[in-house]
1. On the basis of being over 30 Å from LEU273 (Cβ atoms), touching a residue at least 40 places away in the same chain (Cβ under 8 Å) and loosely packed, with under 11 Cβ neighbours inside 10 Å, does ASP307 make the cut?
2. Go through (1) in a helix (DSSP H, G or I); (2) hydrophobic (A, V, I, L, M, F, W, C); (3) exposed (fewer than 11 other Cβ atoms within 10 Å of the Cβ) one by one and return the number of the condition ALA332 breaks.
3. Tally the residues that are at pLDDT below 85 and open to solvent by less than 90 Å² (accessible area, probe 1.4 Å), restricting the search to the stretch 93-111.
4. Can you name the residue in the stretch 237-263 that is part of a loop (DSSP other than H, G, I, E, B) and open to solvent by 60 Å² or more (accessible area, probe 1.4 Å) and is also modelled with the highest pLDDT among such residues?
5. Checking SER282 against (1) within 24 Å of ALA57 (Cβ to Cβ); (2) modelled with pLDDT of 90 or more, which test does it fail?
6. Residue check, LEU266 against (1) farther than 30 Å from TYR102 by Cα; (2) in a loop (DSSP other than H, G, I, E, B), all met but one. Which one?
7. Taking the stretch 282-296 as the region of interest, how many residues are open to solvent by less than 70 Å² (accessible area, probe 1.4 Å) and out of contact with any His (no Cβ under 8 Å at 6 or more places or on another chain)?
Amino acid sequence: MMKKTILAWLVGTMIFFASSAKADKAAIDRLTVSKAVTHALANNPIIREADERIHAAIASVKSSRADLLPEASLNYSYQRQRDAPIMMFNGNVIQTAHRRLYNWNVTVIQPLFSGFALASKLNISKLDVTARQLEKEQTVLDLIRDVKSACYRLLLSNRLLKVSDQEIDALSAHQRNAELFFREGLVRPNDVLQAQVALANSIQQREKAIAEVKKAEARVNRLLNRPLDEAIQLMDIASFSKSMSLLNGKALSQEALTNRPLIKLLDISLEQLRQSLRIAKSEWYPTISLLGQYDQSGDNPGATQNDYTNDHNTSIGFQAQWKFFQSGKTRAETDRVRRQIKALDAGIIRYQNQIREEVRNAILDCHTAHKNIATARAALHQAVENWRITVLQYKQQVSTATDVLDARAFLTQAESNYFLANYDYLDAVAGLNRAIGKKRVRNGAEINRP
């Protein structure tokens, strides 16, 4: 009885974990666009790469800070002379040291003044941490845009595949009608042939649509760091936008100049160049260090015995070094850095203008795509009605087979244009989000927030 109970418990546990695993996999596979973005930010290797660059910059700060702190070194030496060292005193030969001499010493150096070079290097390394963090922010913005764009492309591909399936169903029904009418002697054989050719073309287009779906799935999986051929279920947009608030281009441009990581990164680079200028100027100043040393020498490996002088000693002092002439190198180096600062100042203005243009173009893309939605929606309604009337007329032998095929082609194109306009709008909104450095656009631009 006990064995059966344990066995039942084990089986139940295995079933529970198996069902939990399936549920987790289903939760991963059935994604919304926002969940796909979250999954990509947590798993895409480009984020881990950015994090490692930040950690590397933090380590560089620790290294630069260590240059300001004391540095200790240990030296050990052995020397053997052929003749004993001597000196002459009143005609007498006096030995002054052992022929074999062991020496070891510990030296501590504390930098006191380096012409502000060490402090400037520390500031540069701290700024570099901020720069790597800003680079990560830009990476996140780019990844969000890429994931949204890939998801919208996948959703559009699925929609177009459904449109292709509907076209095949409709043309198959038309072919059956044409064959029936031909057997009854109501139409010419050309009607059947035209229906067959149109159906064959539609089947070929469906194969292309299937390939586009697979390509779009592979791109989403790549961005989510999943196997490229892994199946994915992406929830479609519940409803498309019907209205859109007017976007304030001036306000959004100012927001972009305030929030875009690129502008902040350029400011950081400018400050780093200013610190580099201080480093270059530091060559005009002397460097001063405090030195402390403990020294021990003798005729044995431990240097503990010395018959001629004290076997150990301690000293403390200062060391100053001044390179007062370097053939114009310092002046040339400072001039080089100044030129770089001026070049970056000009570059900042250029990038600001470029960002303003990006925002302006993104706003135009949003308005254009949104206007196209209304046009495509009206065209779709007209194409649906035209298809309904034409099919009905063909059944009554009022319209021709060519009219039916044309009506179906118009409907397929209208459906494709409608879905393309809607997803183009969502993609344009994602582009505007990135352009202003935000995940979502204010002022009502992002009506749909999948």
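1. Spelling it out, ASP307 is indeed over 30 Å from LEU273 (Cβ atoms), touching a residue at least 40 places away in the same chain (Cβ under 8 Å) and loosely packed, with under 11 Cβ neighbours inside 10 Å.
2. (3)
3. Result for the stretch 93-111: 3.
4. Restricting to residues being part of a loop (DSSP other than H, G, I, E, B) and open to solvent by 60 Å² or more (accessible area, probe 1.4 Å), the top hit is ASN248.
5. (2) is the only condition that SER282 fails.
6. The failed condition is (2).
7. 9
Conditions tested, residue by residue: (1) farther than 25 Å from LEU74 by Cβ; (2) at pLDDT below 90.
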| site | (1), (2) |
| --- | --- |
| ALA303 | no, yes |
| THR314 | no, no |
| VAL337 | yes, no |
| LEU344 | yes, no |
| ARG350 | yes, no |
| ARG356 | yes, no |
| ARG360 | yes, no |
| LEU364 | yes, no |
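The values are calculated or read from the model by the stated rules, or taken from the named source; none is laboratory data. The structure displayed is predicted, hence computed values, not measured ones. When we count neighbours, we look across all protein chains shown, and the Cβ atoms used for this are built from the backbone with ideal geometry, even at glycine. Note: areas computed on protein heavy atoms with side chains; ligands, DNA, RNA excluded. Shrake-Rupley method; radii C 1.70, N 1.55, O 1.52, S 1.80 Å.
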